[in-house]
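Colleague: Below you will find the structure I want to go over with you.
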Amino acid sequence: MMLDRMDTDEKSKLAIVVGSVRDGRFGPTVASWVASRAREHGGFDIDVVDLAGADIPLSLPAAPPKFAGDGYPRPEGMKAVTARLTAADAFIIVTPEYNRRR
Ligand SMILES: Cc1cc2nc3c(=O)[nH]c(=O)nc-3n(C[C@H](O)[C@H](O)[C@H](O)COP(=O)(O)O)c2cc1C
């Protein structure tokens, strides 16, 4: 029988993704505030994932990994961040708004 997390003492893994990577960004400050609020909640194991720490290529194939299967390129620089996102049960993406059109 599969055990749901609700049936165990194991906490849900929450990934908080810092979506801004520009020089001088404010994103990490917001992300650490979000993490502190989530810690206060007490129900999560929290992983703050800073995309600036990953060597993500500027372009990837149009087909998502699910459809591309084994043919999908797995750049070395994405391995760690991919593993951390795969391990997460829930995500919060902290992202700024840039150049919104009216
Ligand atoms: C190039 C640029 C464009 C922006 N465009 C918008 C916008 O269209 N609407 C908005 O509400 N804020 C806009 N902002 C404000 C950013 O959302 C805000 O400064 C945010 O904190 C930036 O996040 P970051 O510092 O982590 O990159 C813009 C900021 C920059 C630098």
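The values are calculated or read from the model by the stated rules, or taken from the named source; none is laboratory data. Keep in mind the model is a prediction, meaning the values are calculated, not measured. All Cβ positions, glycine included, derive from the backbone under ideal geometry; neighbour counts span all protein chains shown. The accessibility values were calculated without ligands, DNA or RNA, using every heavy atom of the protein model including side chains. Shrake-Rupley method; radii C 1.70, N 1.55, O 1.52, S 1.80 Å.
Colleague: Note down the magnitude of the dipole of the chain about its Cα centre, charges +1 on Lys and Arg C-beta and -1 on Asp and Glu C-beta and zero elsewhere, to the nearest 20 debye.
Modeller: Dipole magnitude for the chain comes out near 580 debye.
Colleague: To continue, here is another question. On the accessible surface of the chain, probed at 1.4 Å, how many percent belong to carbon and sulfur atoms?
Modeller: Roughly 55 percent of what the probe reaches on the chain is carbon or sulfur.
Colleague: Between the DSSP loop rule and a limit of at most 12 other Cβ atoms within 10 Å, which trypsin sites (Lys or Arg not before Pro) in the stretch 8-68 are left? All intermediate terms of the calculation are to be shown ahead of the outcome.
Modeller: Working: sites: 11, 13, 22, 25, 37, 39, 66; in loops: 11, 22, 25.
When the trypsin sites (Lys or Arg not before Pro) of the stretch 8-68 are filtered for loop state and at most 12 Cβ neighbours within 10 Å, 22 remain.
Colleague: Once amide H atoms are placed 1.01 Å from N in the peptide plane, what residues at a sequence separation of 5 or more from residue 17, or on another chain, have their amide H within under 5 Å of its amide H?
Modeller: Sorted by chain and number, the residues that satisfy this are 49, 92, 93, 94.
Colleague: For the chain, what is the accessible area per residue in Å² when the probe is 1.4 Å?
Modeller: 78 Å²
Colleague: Filter the chymotrypsin sites (Phe, Trp or Tyr not before Pro) in the stretch 54-102 to those in DSSP coil with at most 13 other Cβ atoms within 10 Å of their Cβ, and list the result.
Modeller: Within the stretch 54-102, the qualifying chymotrypsin sites (Phe, Trp or Tyr not before Pro) (loop, at most 13 other Cβ atoms within 10 Å) are 98.
Colleague: How do the peptides 70-82, 40-52 rank, highest first, by the average count of neighbouring beta carbon atoms within 10 Å per residue?
Modeller: 40-52, 70-82
Colleague: How big is the stretch 29-102 in terms of Cα radius of gyration and Dmax, in angstroms?
Modeller: My reading of the Cα-based Rg and Dmax gives 15.4, 42 Å.
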